[in-house]
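Q: Sharing a structure, written as structure tokens. Questions coming.
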Amino acid sequence: MLVVQIMKEVFKTFYGGLFKAIILNLIWFLLISPIVFLFVNGIYLDFFIPFMLPVLILGPIILTGLNLLNKIYQNEDFSLKGIFNTVKSSFFPGLLAIVYGIAVYLILIIDIWFFYGRSEGNLLFLVLTALFVYLTVFFSITQLYFWGLLVHGKKLTLWTKIKRSFFLAVDNILQSFLWLAIVMAITGGFLYFTPIFPALYFSITGLTIIIGTDKFLNTYKENDYEKLMSNGKLSD
């Protein structure tokens, strides 16, 4: 099963670059902690919008981390200049990516809340609630591919990455669902065992996204792979 191969490769890569992966994870944790703290406190203080803006910085931070994890996956050396260039090249794509993800999730969550609030005694609204829950899960699958394509498909336009992420999710729906389930299980496990979260979580999940996307892309024939990684349409 492809998902099993992905996880084997994840832990093999993590073990091979253990020191770099842990240091990268600790830096990632230190960077996102104040942003998450501001966001959570903004909700409790009913001061939501000003505290929402720093969340956008999560996009560049996450994408920079994924690109650096990909260097570990590709057995590439780190250099100060290379890290600086990675931060620079990841900023704008990461910003667009987080805006795209937040916007769609907000729409889906508002729809679920709206229809669920009116679903008591109304079968149609209950069905619509279930539909939007499914769409949220499906969109989460596309997000795995989307962030993976941000790393592996740098030459693609944003719109092409979005289209490719939906195509890959539909074309590999069962394996992709298992892939998402594993990422969610890893997240739940690390949240439960909180002390190891700062040192391991991002590196494990990041490698799962990077390696998973790479493995799924490699299941296509060479011609199809080239079309997936170019701006041309995938056909024939």
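The values are calculated or read from the model by the stated rules, or taken from the named source; none is laboratory data. Every value quoted in this text rests on a predicted model; they were computed, and no experiment measured them. Counting neighbours? That spans all protein chains shown, and the Cβs are built from the backbone with ideal geometry, glycine included. Surface areas here come from the heavy atoms of the whole protein model, side chains and all, with no ligands, DNA or RNA. Shrake-Rupley method; radii C 1.70, N 1.55, O 1.52, S 1.80 Å.
Q: Could you tell me whether any residue of segment 101-110 is within 23 Å of Leu207 (Cβ to Cβ) and surrounded by 15 or more Cβ atoms within 10 Å (Cβ to Cβ)?
A: Yes.
Q: Tell me, yes or no, whether segment 81-103 has at least one residue that is in a loop (DSSP other than H, G, I, E, B) and either under 23 Å from Val36 (Cβ atoms) or not β-branched (Val, Ile, Thr) (or both).
A: No; the residues of segment 81-103 include none that is in a loop (DSSP other than H, G, I, E, B) and either under 23 Å from Val36 (Cβ atoms) or not β-branched (Val, Ile, Thr) (or both).
Q: Moving on to the next point. When you check Asn41 against the structure, is it surrounded by fewer than 15 Cβ atoms within 10 Å (Cβ to Cβ), among the polar types (S, T, N, Q) and under 29 Å from Gly17 (Cβ atoms), yes or no?
A: Considered against the rule, which asks whether it is surrounded by fewer than 15 Cβ atoms within 10 Å (Cβ to Cβ), among the polar types (S, T, N, Q) and under 29 Å from Gly17 (Cβ atoms), Asn41 comes out as no.
Q: Is it true that Leu96 is in contact with a helix residue (DSSP H, G or I) (Cβ under 8 Å, 6 or more places away or on another chain), open to solvent by less than 30 Å² (accessible area, probe 1.4 Å) and aliphatic (A, V, I, L, M)?
A: Answer is no for this residue.
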